[in-house]
1. Answer with yes or no whether L31 is touching a Pro at 6+ places or on another chain (Cβ under 8 Å), within 11 Å of ligand 1 (Cβ to nearest atom) and closer than 24 Å to A137 by Cβ.
2. Can you pull out the residues in region 147-186 that are open to solvent by 10 Å² or more (accessible area, probe 1.4 Å) and within 15 Å of L31 (Cα to Cα)?
3. Within region 130-148, can you find the residues that are touching a residue at least 24 places away in the same chain (Cβ under 8 Å) and more than 14 Å from the chain's Cα centre (by Cα)?
4. Considering only region 145-184, state which residues are near ligand 1 (Cβ under 9 Å from one of its atoms) and within 19 Å of V212 (Cα to Cα).
5. With the requirement that a residue be under 25 Å from P159 (Cα atoms) and open to solvent by less than 20 Å² (accessible area, probe 1.4 Å), what does region 32-75 give you?
6. Which of the residues that make up region 107-133 are of a type in the set (S, T, N, Q) and either buried (at least 24 other Cβ atoms within 10 Å of the Cβ) or in contact with a Gly (Cβ under 8 Å, 6 or more places away or on another chain) (or both)?
7. If I filter region 77-106 down to residues being more than 13 Å from ligand 1 (Cβ to nearest atom) and part of a helix (DSSP H, G or I), which single residue comes out as least open to solvent (accessible area, probe 1.4 Å)?
8. Could you list, in sequence order, the residues of region 218-247 that are open to solvent by 40 Å² or more (accessible area, probe 1.4 Å) and over 22 Å from the mean Cα position of the chain (by Cα)?
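The values are calculated or read from the model by the stated rules, or taken from the named source; none is laboratory data. Everything quoted here is computed from the prediction, not taken from an experiment. Methodologically, a virtual Cβ is constructed for each residue, glycine included, from the backbone with ideal geometry; neighbour enumeration extends over all protein chains shown. Remember, those area values only see protein heavy atoms, side chains included, never the ligands or the DNA or RNA. Shrake-Rupley method; radii C 1.70, N 1.55, O 1.52, S 1.80 Å.
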Amino acid sequence: MTAPRLTLPSPAKLNLMLHILGRREDGYHELQTIFQFLDYGDEITFAVRDDGVIRLHTEFDGVPHDSNLIVRAAKKLQEQSGCSLGIDIWIEKILPMGGGIGGGSSNAATTLLGLNHLWQLGWNEDRLAVLGLTLGADVPVFVRGHAAFAEGVGEKLTPVDPEEPWYLVLVPQVSVSTAEIFSDPLLTRNSSPIKVRPVPKGNSRNDCLPVVARRYPDVRNALNLLGNFTEAKLTGTGSCVFGGFPSKAEADKVSALLTETLTGFVAKGSNVSMLHRKLQSLL
Ligand SMILES: C[C@](O)(CO)[C@H](O)COP(=O)(O)OP(=O)(O)OC[C@H]1O[C@@H](n2ccc(N)nc2=O)[C@H](O)[C@@H]1O
Ligand SMILES: Nc1ncnc2c1ncn2[C@@H]1O[C@H](COP(=O)(O)OP(=O)(O)OP(=O)(O)O)[C@@H](O)[C@H]1O
């Protein structure tokens, strides 16, 4: 008998602002950022196995099976929970890698939440978020599933409810390494902490932008192009660039001007991740 399958979304995130406050002794940076989700992402399919084997059946260019965040998340959860079950996994990958829209972190979180459900572990979100943080700074927000003001290295989360516009996200054909940007000597790391909540308007800058734009002409071009139509912003350490529009039609109109050399997609901003909406519907 074939095991039942469960398919779950793995949405992208945007950083609506990103300020770097300083660098810790371990090299990680203290940030303040606002995360919002997009109704756009990968789809991961899971089927339980009873022999304990964890297997991702979809191949990734340049990412060996055991280094994939999906496999690493599944193995950590299996080890820490002592679960004897295994899992077959397939992914429909549409999120660009190294795009600053959190694809890998989101995949890890979808795996943690999906396996918690399928293996019937009964872990709460706090425990899953702690495990998630060991996989990446962005994993906890995807585990929680609510738009958030984040501090620390991105793990101290306060839920927020910014506007939910339609976004046009431009995807320059370059993959930016987060570690490379955070180790650039020209990165400014001295933004003053914002102490007022909600974050006052006028704080939407991304401190990574000058360094990323300097290193990557394709990102610079994307910012210039989108800047003709709306405020153009960088998400995370790039490479993706985004801008908000009041309606899908307006975002589509600008998207229609894109050429083969610079692609993009239109998606709705969402304060509740589509993963959590789907999981809620299963209960
Ligand atoms: C820039 C953001 O995308 C904003 O959402 C995230 O903070 C990055 O999160 P992430 O991709 O999950 O990052 P990780 O995989 O934990 O770290 C990748 C590398 O980025 C650097 N890094 C990351 C996060 C952080 N707060 N400070 C850092 O200095 C570290 O060199 C680390 O080795
Ligand atoms: N399941 C996965 N999906 C994407 N990348 C993965 C995955 N597993 C491992 N990786 C590795 O992680 C790197 C970063 O991928 P990711 O797509 O999360 O970048 P990103 O969008 O810039 O993330 P962030 O915004 O969190 O910095 C990839 O270049 C790849 O080597």
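1. no
2. Correct list: E151, V153, E155, K156, L157, T158, T178, A179, F182, S183.
3. Hits for region 130-148 are L131, T134.
4. Scanning region 145-184 gives S177, T178, A179, E180, I181, F182, S183.
5. If the condition is that a residue be under 25 Å from P159 (Cα atoms) and open to solvent by less than 20 Å² (accessible area, probe 1.4 Å), then Q32, T33, F35, Q36, F37, L38, G41, D42, A73 are the ones that fit.
6. N107, T110, T111, N116
7. Here the residue is L77.
8. Hits for region 218-247 are N221, N224, L225, G227, N228, F229, P246.
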